[in-house]
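Asks: Just passing along the structure, written as structure tokens.
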Amino acid sequence: MPVSPFIRALPKAELHVHIEGTFEPELMLEIGRRNGIALPFTTVDEARAAYEFSSLQDFLDIYYQGVAALLTEQDFCDLTCAYFDRVAGQGVRHAEIFFDPQAHTARSVPFATVCHGIASGLQYALQRHGISSRLIMCFLRHLDEPDALATLETALPYRDMIYGVGLDSSEAGNPPAKFARVFAAAREAGFACVAHAGEEGPAAYVRDAVDVLHVQRIDHGNRALDDPVLTAELAQRGMPFTVCPLSNLRLGVIDALDNHPLRRMLDAGLMVTLNSDDPAYFGGYVNENYQAMQDHLGIDDATLGRIARNSFLAAFLEPERRNELLAELGIYCAANGWTTWAS
Ligand code: HPA
Ligand code: ZN
């Protein structure tokens, strides 16, 4: 998918990317080899051939197998650096990275190893590429709440490295309300809160993410559109949505990119952003997601500029950094003839 020059250099933030989902087969095979971990495939072609999913669960089953190659601080650092080297050429100025600690601690990889490794990668991103970042720790929703509470407890000494908490993994049958207490405790401890909701689950899960978990952003949220009252309320409140079109296609959330709900979300006045989710598995990084929406829904450059602006407004940024990025975006869009919203 050729990315246009406008999209390529458009300054943007990525707010929905799982660092374990950026594990490209080349690096996975290399790290698997050096750690002596057998993977379900032995070549890059075999890996890509295995990446055919008909549901979120299908994908997660393969995703957790790949994760098993990661053992050392260096592994987590290499993974993180590789993502930032990739998106540095995509206009990404700031990224908020999810990680799944329980997918590692369950394999006896210490929380500290994961956290320090990723944090080294984030430092590299800032020094090498000038990309700022936040780290968001996700609870696996297929596990129980006591496991999530124990994970939160483990994370408390790393409070200065972890900005927020999220909720991911198998959505159907695992409603947000299952995690009401752990999110309350996380909020109490000062973590920002986000959650995946309305990807495969119903609009009621989006409602509960907002009303019960008190999230500051909805990850995906496509199914919110099934409830017009909820949609109007979230539009009015300016609740950000981190939308991931190529993920939606590859996981069967939509049947074709031409039918992606992004246009309807924009028309409903929702504050949408565009993101990659698990780019090593879904056929594109953030810019390919922007391009896909232009190609399939005819979203014009001015609107993509507005979506990039949303990404800075919805990011967990210090005011100075936010203003700096908005100013850079304003100059970029003015140079391309789009000035109406870029203040
Ligand atoms: N959805 C839910 N959980 C996930 C995903 C996703 O797309 N990627 C990694 N964990
Ligand atoms: Zn996700």
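The values are calculated or read from the model by the stated rules, or taken from the named source; none is laboratory data. None of the values given here were measured: they were computed from a predicted structure. Quick reminder, even Gly has a Cβ in these numbers, built from the backbone with ideal geometry, and neighbours come from all protein chains shown. Accessible surface is based on the protein model in full, side chains and every heavy atom, while ligands, DNA and RNA are left aside. Shrake-Rupley method; radii C 1.70, N 1.55, O 1.52, S 1.80 Å.
Asks: Can you compute 3J(HN,Hα) from phi for each residue in region 134-150, using the Karplus curve 6.51 cos²θ - 1.76 cosθ + 1.60 with θ = phi - 60°, rounded to whole Hz and x for Gly and Pro?
Replies: Working through the residues one at a time gives 9, 10, 10, 8, 9, 8, 7, 6, 7, 8, 8, 5, x, 5, 5, 5, 5 Hz.
Asks: Only sites in a loop by DSSP and with at most 15 other Cβ atoms within 10 Å count here; which chymotrypsin sites (Phe, Trp or Tyr not before Pro) in region 283-343 make the cut? Intermediate results must be reported in sequence, preceding the final value.
Replies: Details: sites: Tyr285, Tyr290, Phe312, Phe316, Tyr332, Trp338, Trp341; in loops: Tyr285, Phe316, Trp338, Trp341.
Passing sites in region 283-343 are Trp341.
Asks: Which one of Ile62, Leu262, Ala314 has its Cα pushed farthest toward the positive end of the charge dipole of region 5-335, where Lys and Arg give +1 and Asp and Glu give -1 at the Cβ?
Replies: Final value for the positive-end residue is Ala314.
Asks: Asp219's amide H: which non-local residues (gap 5+, or another chain) put their own amide H closer than 5 Å, with H modeled 1.01 Å from N in plane and none for Pro or chain starts?
Replies: For Asp219, whose amide H was placed from the backbone, the distant partners under 5 Å are Ala195, His196, Ala197, Thr242.
Asks: Another question about this same structure. What is the magnitude of the charge dipole of the chain about its Cα centre, with +1 placed on the Cβ of each Lys and Arg, -1 on the Cβ of each Asp and Glu, and no other charges, expressed in debye to the nearest 20?
Replies: Numbers: 26 positive and 45 negative charges, 169 e Å.
Result for the chain is approximately 820 debye, rounded to the nearest 20.
Asks: Something else about it: With just the Cα atoms defining each centre, how far is region 20-43 from region 123-174? Give it in Å.
Replies: Their Cα centres are 23 Å away from one another.
Asks: For region 5-335, which whole percent of the accessible surface, found with a 1.4 angstrom probe, sits on carbon and sulfur atoms? Let's see the in-between values first.
Replies: Numbers: 5960 of 11880 Å².
That share works out to 50 percent.
Asks: Which value, in Å² rounded to 10, gives the accessible area of Cys81 with a 1.4 Å probe and all protein chains present?
Replies: 20 Å²
Asks: Step through the residues of region 280-292 one at a time and calculate ³J(HN,Hα) from phi using the Karplus curve (6.51 cos²θ - 1.76 cosθ + 1.60, θ = phi - 60°), rounding each to whole Hz and writing x for Gly and Pro.
Replies: Whole-Hz 3J(HN,Hα) from phi for region 280-292: 5, 9, 10, x, x, 8, 4, 5, 5, 6, 4, 5, 4.
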